[in-house]
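The values are calculated or read from the model by the stated rules, or taken from the named source; none is laboratory data. What you are looking at is a predicted structure, and each value in this text was computed from that prediction instead of being measured. Note: ideal-geometry Cβ built from the backbone for every residue, glycine included; neighbour counts use all protein chains shown. Keep in mind that these areas ignore ligands, DNA and RNA; they rest on the heavy atoms of the full protein, side chains included. Shrake-Rupley method; radii C 1.70, N 1.55, O 1.52, S 1.80 Å.
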Number of protein chains: 2
Amino acid sequence: MSLIVQKFGGSSVADAEGVKRVARRIGDTRAAGNDVVVVVSAMGDTTDDLLDLAHGVSSFRGPSRELDMLLTAGERISMAVLAMAVRELGIPAQSFTGSQAGMITDGIHGAARLVEVNPDRIRESVQAGNVAIVAGFQGMNRQTRDITTLGRGGSDTTAVALAAALDADVCEIYSDVDGVFTADPRIVPTAHKLDEVSSEEMLELAANGAKILHLRSVEYARRFGLKLHVRSSFSTLEGTWVIPSPTDADSRDLTKEIPLEQPLISGVAHDRSQAKVTIVGVPDVPGYAAKIFGSLNDAEVNLDMIVQNVSTKSAKRTDISVTLPQDQGDTALQVLRRVQEEVGFEDVQYDDRIGKLSLVGAGMKSNPGVSFQFFKALSNAGVNIDMISTSEIRISVITRLDLLDDAVRAVHSAFDLDREGEATVYGGTGR
Amino acid sequence: MSLIVQKFGGSSVADAEGVKRVARRIGDTRAAGNDVVVVVSAMGDTTDDLLDLAHGVSSFRGPSRELDMLLTAGERISMAVLAMAVRELGIPAQSFTGSQAGMITDGIHGAARLVEVNPDRIRESVQAGNVAIVAGFQGMNRQTRDITTLGRGGSDTTAVALAAALDADVCEIYSDVDGVFTADPRIVPTAHKLDEVSSEEMLELAANGAKILHLRSVEYARRFGLKLHVRSSFSTLEGTWVIPSPTDADSRDLTKEIPLEQPLISGVAHDRSQAKVTIVGVPDVPGYAAKIFGSLNDAEVNLDMIVQNVSTKSAKRTDISVTLPQDQGDTALQVLRRVQEEVGFEDVQYDDRIGKLSLVGAGMKSNPGVSFQFFKALSNAGVNIDMISTSEIRISVITRLDLLDDAVRAVHSAFDLDREGEATVYGGTGR
């Protein structure tokens, strides 16, 4: 008998019909002879409704102890309703809050990090014959015992952390698409579903704009050598297996081996959420970088790409370009203007009409032809390149925003990823 | 500095405006130099909405572990939103679930009873300068640590139990009426507010249909010698003080003495929720009562009034009439038909077109004229009496339902309780 952890997002349980469909899926998994632990997000728009309630009485918009208390009502509702729907099928089920499930966190409200997972009650409930249904996204502060939320991607993280702590055989992440695609099917209709992808590639895809799995849950799964199965709650198709590399320090025996001949390229990710800041005419003397990046770091600005080249305007000076989330743009500009005189650079420029395109594939490590083919495809499509950064399994470029979709399709075609009739998108996206 | 526990029902926090009004009320109480602990019910229709959700996926209508988990989301929302609204006024506030507040119960879902109250976290929060806001209606099963609900009147009970455990100076119960009235102002527009009423009288009023306070919370307050202040969240008027009798075993020193000359009569309560069952022609031999009442008791039928008189139809036989909640009528009839042959009675009659009227007053103990005056008033109003039962401080009669309102007004007038222009009803009623 296998233990399967299944995570369902908010769009899968948006209404009574959705809840019943998920309950039947859980029932089918039980009928196939498995123990099942379920992690569920808040139903549909519940989180937005609760935020509206909060904004109706409070002008404070940041995270807080009370906002976490409020938002966690969302999963409390969905998990209890789902447990009732499962019981309606004649299958015993019990729901558990994050704190009951032993999801112990630090004290950062709105973005708490797991410090410990003690799922004793979940284990007991499953051993007693129940489907255990756990609230995603929430935990309990180890010191104060206050309720916390895990922030973006929190429910995926709950599922992966629980699966690891319970030593589950599989962690299934359900959403409204059939799996991980070679590109976003809404932009590239010929994108095809990947049967499997390595954790490393998935990390690069998630970090560079693929929204199907949150970066944090992939990191967690990779660290614990846990297989993820990304699939749709609207179909019974096999999805995409995310396979941890067998060289990971503490990985387990994998029943499914990574194939010897991996495909060259996994897919094309894109990201419209970044902005570019260029610091013009930085004096080329030791110590300027510490001042600039130190002050940005103090202000908790998350830099993504960093590129430096010699300034075209003046000798002995250099230009530095960085990318960062658009909503941190104002903060970054304030910080930079504050240190401008001290550092002695000439100007700061801001541009949020940019897009980031990333080609990801473990095979590109040993294949020098990939980058040539990549840049040729962009050139043929008439796409200018603003910035470039690379890792061993990724090439990313910044382009003009209005050319991004063309660029994605051009690169997708150039690497023979196109296939007809595979892409299906069923609905919205959950938390 | 006093510690005041304030309980606000669902109608007081039905929307953002209500929540803000309650927050200001809390702020005023703090500004007057008091420590404040708040107990709050679910906002407006939240509980009904959650029940609808449950009914959308489950055909089971009874209480359950999962239904309690679901319903407790209601107070979680109201308490967090109220805490935000209080913080918006610049007053530190923290919300706590029933289990965080140490409301420990038995395991009866939907109707759990408190077995222990350990409000350490509430005490700490208040000592740290916070307004502590506690979810009403909910607790935690001592054995399984599952979430439970306290059933009808649960939030009042939470407030009274917390006030007792925290040794609060006052427990204020806020609703949408100005206090305890001599009769229901919707039926008797000349009803007037009582300045104070003894716990015993309040118990009789609550047990006999007055909905302002739940019987259980009055019992709890009486046991712990706790003063209750029943008042409106829509006005700043003094409400009604419910004063525990100084002869109670473990009562405390009362700063407010019960006046020597108590008014004769406190008020007139009525109840439309009962039905009458008459067991006709019971053989007048020893043991029949044990069989009848034993079987009703086994079926958990709650009998209220029990009256026996000689049968008019046949000698050596007797008729027994009982009243019980209408929703237990079917159960009672089934039980009685099952034992009919064994006991040997002739027939069972059922009537739910009845009303119960109760006159309550501590002064009637020592005043034999009360019952004469009571029955004369009913007679003058043309009201026939079906059944009578009495306690030392109460006379109750069963009348035809369509005569009940007339009967209430007639009795209210006969005891000089009428006063013009005092009764105000602001809105609906909470949980």
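Values for this structure:
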read-out: 0 to 90° range, to nearest 10: angle between helix B:65-88 axis and chain B longest Cα axis; value: 40 degrees
read-out: Cα-centred dipole magnitude for the range A:259-419, charges only on beta-carbon of K, R (+1) and D, E (-1), debye, nearest 20; value: 340 debye
read-out: Histogram of C-alpha separations across the protein assembly as shown, 10 Å bin width, %; value: 2, 11, 17, 18, 17, 13, 9, 6, 4, 2, 1, 0, 0
read-out: Computed magnitude of the charge dipole of the range B:98-257 (debye, nearest 20; Cβ of K, R +1, Cβ of D, E -1); value: 500 debye
read-out: Between the range B:17-62 and the range A:350-372, the alpha-carbon center distance in angstrom; value: 53 Å
read-out: Computed [θ] at 222 nm, helices only, for chain B once each DSSP H run of length n ≥ 4 contributes -39500 (n - 2.57); value: -10000 deg cm²/dmol
read-out: Anisotropy class of the range B:323-400 from Cα gyration tensor, a/c 1.5 cut; value: prolate
read-out: Simple spin-label estimate for B:Asp330 and A:Arg419 in nanometres, 7 Å along Cα-Cβ; value: 5.7 nm
read-out: Two-decimal log10 I(q)/I(0) for the range B:31-117, as the Debye equation yields it once each C-alpha is a single scatterer, q = 0.21 Å⁻¹; value: -1.09
read-out: Zero-based 10 Å bins, Cα pair distances in the range A:259-419, whole percents; value: 10, 35, 30, 19, 6, 0
read-out: Principal-axis tilt of helix A:154-165 within chain A, Cα atoms, nearest 10 degrees; value: 60 degrees
read-out: Cα centre as origin, Lys/Arg/Asp/Glu Cβ charges: the protein assembly as shown dipole, Debye; value: 320 debye
read-out: Accessible-area order (highest first, 1.4 angstrom probe) of the listed residues B:Arg409, B:Arg121, B:Arg24; value: B:Arg24, B:Arg409, B:Arg121
read-out: GNM result for chain B, Cα springs below 10 Å: residue of B:Ile187, B:Ile26, B:Ile265 fluctuating most strongly; value: B:Ile187
read-out: Cα pair distances in chain A, grouped into 10 Å bins until the bin that holds the longest one, percent each; value: 4, 20, 27, 26, 16, 6, 1, 0
read-out: nm² value of the averaged projected area, convex hull over the Cα atoms of the range B:1-154; value: 8.8 nm²
read-out: Chain A: angle of helix A:16-31 to the longest principal axis, Cα-based, in degrees nearest 10; value: 70 degrees
read-out: Long-range HN-HN contacts of A:Thr318 with modeled amide H, under 5 Å; value: A:Gly281, A:Val282, A:Asp284, A:Ser311
read-out: Sparsely packed trypsin sites (Lys or Arg not before Pro) within the range A:316-364, loop by DSSP, other Cβ within 10 Å at most 16; value: A:Lys316, A:Arg353
read-out: Sequence-distant residues sharing a close amide H with B:Glu196 (under 5 Å, placed H); value: B:Trp241
read-out: Positive dipole terminus of the range A:174-230, leading residue within A:Gly209, A:Phe181, A:Ala191 (C-beta point charges); value: A:Gly209
read-out: Leading residue at positive end of dipole, the range B:259-419 (Cβ point charges), from B:Leu303, B:Ile393, B:Ala332; value: B:Ile393
read-out: Under-5 Å amide H pairs with B:Ser245, H placed in peptide plane, nonlocal only; value: B:Ser199, B:Glu200
read-out: Dipole of the range A:338-393, positive end: most advanced residue of A:Val343, A:Phe374, A:Ile354 [Cβ charges, Cα centre]; value: A:Phe374
